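All of the numbers you see were taken from the coordinates with simple rules; none came from a lab. Note that the coordinates shown come from a computational prediction; the quantities given were computed from them, not determined experimentally. Don't worry about glycine lacking a Cβ; one is built from the backbone with ideal geometry, like all the others, and counts go over all protein chains shown.
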Amino acid sequence: MIKKTSFIAILLILVATGFIRAQKLLLAENGKTPYQIETMGGEGTLAVANIFTTYFNKLTGANITFDDKKTVLAYSVLFQIIQKDNKEWSQLSDQGFIIKTEAKGLTFCARTDQGLEYAVYTFFEKYANCRCYTKNVLIIPNLPYFEIPQINLIENPSFGFRVSYNNNAYYQPFTSWQKLNNAVAEENADGYDISSDWGLWVHTLRKLVPASEYFETHPEYFALRDGVRNPNQLCLSNPDVLKIVIASLQKLMADRPDAKYWSVSQGDNFDYCECPKCSAVDKAEGSPSGSILRFVNKVAAAFPDKIISTLAYQYSRKPPLITKPASNVNIMLCTIECDRSKPISEDTAKGSFKEDIIGWSKITKNILVWDYVVNFSNSLLPFPNFHVLQPNLKFFKENHATMMFEQGFTTENTEFSNLRGYMLAKLMWNVNQNADSLMNDFLRGYYGKAAPYIRAYIDLMTSELKKSGKDLTLYEPASTHKDGYLSPQNLITYFDLFDKALKAVGNDTVMKVRVENALQPVRYAWLEVCQMMPHTPYWLFEQTPNGTYKVKKQALTMLSELITHAKKYGPAIFHESGIPPEQYQKNMLNYFDKAVSSSFTKVKGITCDIPYSDEYPADGPNTIVDGAFGTQNYYALWLGWCDTNMQATIELKETQMVKEVQLNCLDNNDSWILAPTEIKVSFSTDGKEFKQIGRYVNPHAGEKIDKQIVHYTIPLNKGKGVMAKYIRVFCRNVGKMPKWSGVVDGGAWVFVDEVEIK
């Protein structure tokens with residue numbers, strides 16, 4: 001994309017010795033054109049002209065020469081940067097443009113070089129059927145006869161800032177063709193700048209006042225949580241913190257003087273300051289956004305020629321009651337908690353994102369919406385949110401959002417990343433486009449004869465999601481929808497549609513790879529869903545004649561196909577934080593080897609004496625004695641108890657010798673899941689009188705521990721065993737989250753999976 005130049009008059013003229021016939025203009029025929037280009041201006045003029053001539057030549061085979069004589073032209077196509085005194089100035093934004101036919105030809109108008117460049121791409125898309133579907137798929141038809149109709153087109157972008165966090169969006173030619181404000185990356189670059197207009201981008205206070213430099217000597221600069229200073233956030237009522245932030249920004253701005261936007265924003269956690277001063281402000285404002293906004297307004301006052309952006313995110317999403325953002329403060333409002341099964345505008349819940357954006361829109365018109373459009377825990381999981389993309393963008397615009405950041409994955413070939421990235425780029429430019437037409441156009445152009453089957457797949461997923469009535473959220477596992485759009489029955493139908501899609505493309509190797517990329521999420525979903533369905537026909541395991549269990553051949557084949565294709569074509573990671581294909585394969589093969597215990601055959605029934613949480617019910621009490629081991633994914637095959645102890649009584653089929661009890665618990669500090677402080681095992685022969693026979697005290701209870709599954713073995717009667725008909729297992733919860741967590745008054749979780757009777 002060429003550098004934006006304001007208020008430069010340019011003239012790009014295609015001079016015809018021919019004429020306009022029947023109000024149509026013939027630009028080229030049989031590789032020849034009678035037109036010339038005249039430019040008036042500087043480097044920006046030449047850059048736009050070269051873009052036009054390059055694609056015109058590819059399209060028609062005709063070369064357009066430049067008219068250096070500045071002759072009076074009878075017929076022309078005029079490209080013009082207009083000035084403030086032009087009557088059309090008020091019709092356009094800085095990135096907008098006008099394309100229109102007149103008596104003597106065709107005119108393009110824009111305020112800036114950037115707007116003029118956007119006009120060029122729109123012209124070729126709209127009137128020559130050119131398409132840029134991905135960074136590697138640019139379609140330029142062969143038009144030996146190129147004639148344009150009568151035109152009267154005015155376009156301004158729906159949002160003045162449009163960034164898509166999608167792999168294609170950072171590379172040419174996609175960035176320019178889709179009119180995105182992404183910073184263009186070099187191929188194979190390590191990471192991406194969001195946009196050249198931004199000097200700092202979110203979660204920046206930790207950089208402006210680094211804990212590594214200040215926490216030891218000045219703990220008072222940092223958040224007070226439950227009486228303990230926490231380095232994860234700052235105390236924004238401390239005047240020295242304000243001085244340091246301003247000084248840090250001054251140094252950074254000196255290195256990037258052209259950057260307009262600078263983020264001064266909270267860390268990605270809930271550890272905000274609750275010291276008396278900060279708490280008093282937040283109480284008066286009705287939200288922690290109050291202390292943030294008062295601080296940011298003071299920072300903004302020190303930099304009146306810059307825009308200071310701050311987050312309204314999670315705990316700070318609710319707008320303040322008193323303070324309003326300064327004129328040069330941008331509010332970055334985040335949709336992370338929202339349900340994607342229906343448009344945000346339909347959410348009637350108290351304290352919803354809908355309620356909050358409406359509140360912010362009443363006190364500012366400078367809003368950037370950070371919208372999330374994928375499943376971040378599962379980059380390949382089918383995520384049917386296409387039906388809400390346009391309604392949500394319309395809703396954001398109606399509520400004064402002028403800037404959009406659409407976050408997906410930047411790794412290639414995640415679930416429908418190309419389709420979703422294309423549609424979002426188009427809709428951010430013009431939110432009123434027909435979304436169905438955009439989708440169909442992409443599917444036909446990108447998948448060819450397979451398009452009808454892939455469209456049927458998307459439509460069926462969407463209808464099944466709606467029918468289930470379940471939310472669609474950003475960090476859920478496949479098992480959440482195992483009775484809905486990801487049910488085994490639906491997955492079988494999806495496989496059938498892809499079989500037809502692959503047959504439709506035949507031996508076209510390019511199309512076959514694209515269809516296979518679209519099929520990968522169904523393979524992944526099948527593995528993820530079926531591993532969570534123990535003792536059903538869809539489980540990944542089958543019983544052998546001797547009563548043991550082995551993994552099905554179909555599961556091994558599915559895993560092999562998934563990983564082989566992913567290694568070659570992507571995605572490079574299966575989760576937001578990593579898990580490359582090789583690691584996923586290793587994890588699954590290890591699971592296949594150790595996932596099933598035969599202990600469940602001894603169990604007659606189980607009762608949870610202390611109720612487990614309705615939030616994580618899995619398949620009920622039987623979950624912890626069904627013989628199927630859970631993974632580190634706590635959403636399925638685990639039962640959870642919050643801020644309370646766990647106790648369950650297991651009835652065996654018969655009185656028998658029991659020598660030990662084994663069970664698994666989770667440590668997942670980020671999700672407030674901590675292993676128990678102690679485990680006690682009791683036994684009974686009549687189910688009435690129980691005697692404690694085994695105990696384990698956890699020496700690491702409450703410590704900060706890496707995410708892991710903790711396996712415990714409790715010998716009974718010092719390993720000699722007891723005759724028992726009933727076994728009772730008790731796990732003592734840590735209780736309130738430890739102070740190191742920064743959580744105030746939050747209860748810890750105990751998660752228990754398989755209890756084995758040995």
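Hey, with R₀ at 25 Å, roughly what FRET efficiency would Lys470 and Asp347 work out to, going by the Cβ-Cβ distance, to 0.05?
Details: r = 15 Å, r/R0 = 0.59.
With a Förster radius of 25 Å, E is 0.95.
Pull out the extension gain between Val510 and Asp745, defined as 0.36 nm times the separation in residues minus the alpha carbon to alpha carbon distance; nm, one decimal.
On the way: separation 235, 0.36 × 235 = 84.60 nm, distance 5.61 nm.
Length difference between fully extended and current span is 79.0 nm.
Quick one: if you stick a label point 7 Å off each Cα along the C-beta vector at Ser613 and Gln708, how many nm between them?
2.2
May I ask you to list, by number, the DSSP H helices of the chain whose Cα span along the axis is at least 30 Å and whose average Kyte-Doolittle hydropathy reaches 0.0 or more? Show your work: numbers first, answer last.
On the way: long enough: 509-530 (31 Å, 0.24).
Membrane-span-like by this rule: 509-530.
How much length, in nm to one decimal, is gained on full extension between Lys362 and Asn156, taken as 0.36 nm per residue of separation minus their Cα-Cα distance? Present the calculation step by step, with values, prior to reporting the outcome.
On the way: separation 206, 0.36 × 206 = 74.16 nm, distance 2.40 nm.
Separation in residues times 0.36 nm, less the Cα-Cα distance, equals 71.8 nm.
Over the chain, what is the relative contact order in whole percent, taking alpha-carbon pairs under 8 Å and six or more residues apart? Don't skip to the end; give the middle numbers.
On the way: 1560 pairs, mean separation 62.9, N = 758.
RCO, the chain: 8 percent.
FRET efficiency for Lys24 and Asp436, Cβ-Cβ distance as r, R0 = 35 Å, nearest 0.05? Can you show the working numbers first?
On the way: r = 29 Å, r/R0 = 0.84.
Once the sixth-power term is evaluated, E becomes 0.75.
Using the Cα centre of region 194-334 as the reference point, and only Cβ charges (+1 on K/R, -1 on D/E), how large is the resulting charge dipole? Debye, rounded to the nearest 20.
Details: 16 positive and 14 negative charges, 68 e Å.
Here the size comes out at about 320 debye.
Measure off 7 Å from each Cα along the Cα-to-Cβ vector at Lys283 and Asn587, then give the distance between these two points in nanometres to one decimal.
Rounded to a tenth, the inter-label distance reads 4.4 nm.
Divide by every residue of the chain the summed helix terms, -39500 (n - 2.57) for each DSSP H run of at least 4, and state the resulting mean residue ellipticity at 222 nm, rounded to the nearest 500 deg cm²/dmol.
Numbers: 17 runs with 223 residues, N = 758.
Calculated mean residue ellipticity at 222 nm is -9500 deg cm²/dmol.
Where does each of His565, His481 land when they are ranked from fewest to most other beta-carbon atoms within 10 angstrom?
Values: His565 18, His481 25.
Least to most surrounded, the residues fall as His565, His481.
Based on the Cβ-Cβ distance from Asp94 to Lys659, what FRET efficiency comes out when R0 is 51 Å, to the nearest 0.05?
Calculated transfer efficiency: 0.10.
Tell me which GluC sites (Glu not before Pro) from region 586-667 have a DSSP coil assignment and no more than 15 other beta carbons within 10 Å of their own. Provide the component values of the computation, followed by the final result.
Working: sites: Glu615, Glu651, Glu654, Glu660; in loops: Glu615.
Listed in order of number, the matching sites are Glu615.
What list do you get for Thr544, Thr45 if you sort them by fewest beta carbons within 10 Å?
Details: Thr544 9, Thr45 23.
By the 10 Å Cβ count, ascending, the order reads Thr544, Thr45.
Within region 533-557, name every residue whose backbone N is under 13 Å away from a label modeled 7 Å from Cα of Ser598 along the Cβ vector.
Within reach of a label on Ser598, which here means backbone N under 13 Å from a point 7 Å along Cα→Cβ, region 533-557 contributes 543-550.
Based on the alpha-carbon gyration tensor of region 382-463, what equivalent-ellipsoid semi-axes (square roots of 5 times the eigenvalues) come out, in whole Å, largest first? Display every interim value, and only then the final one.
Details: eigenvalues 102, 39, 29 Å².
Taking √(5λ) for each eigenvalue gives 23, 14, 12 Å, largest first.
Using just the C-alpha positions of the chain as equal point scatterers, what log10 of I(q)/I(0) does the Debye formula give at each q in 0.11 1/Å?
So the normalised log intensities work out to -1.28.
Applying the Karplus parametrisation 6.51 cos²θ - 1.76 cosθ + 1.60 with θ = phi - 60° to the phi angles of region 318-326, what ³J(HN,Hα) value in whole Hz is obtained for each residue in order, glycine and proline being reported as x?
5, x, x, 7, 10, 6, 10, x, 5
Along Cα→Cβ, 7 Å out, is where each label goes; now give me the distance between the ones at Tyr145 and Thr536 in nm to one decimal.
Distance between label points: 6.0 nm.
Is the shape of region 194-334 best called rounded, prolate or oblate, per the rule: a/c under 1.5 gives rounded, else a/b larger than b/c gives prolate, else oblate, with a ≥ b ≥ c the square roots of the Cα gyration tensor eigenvalues?
Numbers: a/c = 1.77, a/b = 1.24, b/c = 1.43.
Verdict is oblate for region 194-334.
For all pairs of alpha-carbon atoms in region 431-565, what percent lies in each bin of width 5 Å, listed from the first bin to the last filled one?
Result, from short to long distances: 2, 9, 16, 19, 18, 16, 10, 5, 3, 1, 1, 0, 0 percent.
Provide the gained length on full extension for the span Lys552 to His203, in nm with one decimal, where the gain is 0.36 nm per separating residue minus the Cα-Cα distance.
Details: separation 349, 0.36 × 349 = 125.64 nm, distance 4.61 nm.
My answer for the length gained is 121.0 nm.
What percent antiparallel are the DSSP beta bridges of the chain, to the nearest 5?
Values: 78 of 112 bridges.
Close to 70 percent.
Mind sorting Lys680, Lys586, Lys470 by how few other Cβ atoms lie within 10 Å of their own Cβ, fewest first?
Working: Lys680 19, Lys586 13, Lys470 16.
With the fewest neighbours first, Lys680, Lys586, Lys470 line up as Lys586, Lys470, Lys680.
Find the percent of Cα-Cα distances in region 598-757 that exceed 20 Å, and round it to a whole number.
Values: 5868 of 12720 pairs.
Cα-Cα pairs in region 598-757 separated by more than 20 Å: 46 percent.
What does the charge dipole of the chain about its Cα centre add up to, to the nearest 20 debye, if the Cβ of each Lys and Arg holds +1 and the Cβ of each Asp and Glu holds -1?
Details: 81 positive and 80 negative charges, 96 e Å.
About 460 debye.
Taking Cα centroids, how far is region 209-263 from region 612-634 in Å?
Between the Cα centre of region 209-263 and that of region 612-634, the gap is 43 Å.
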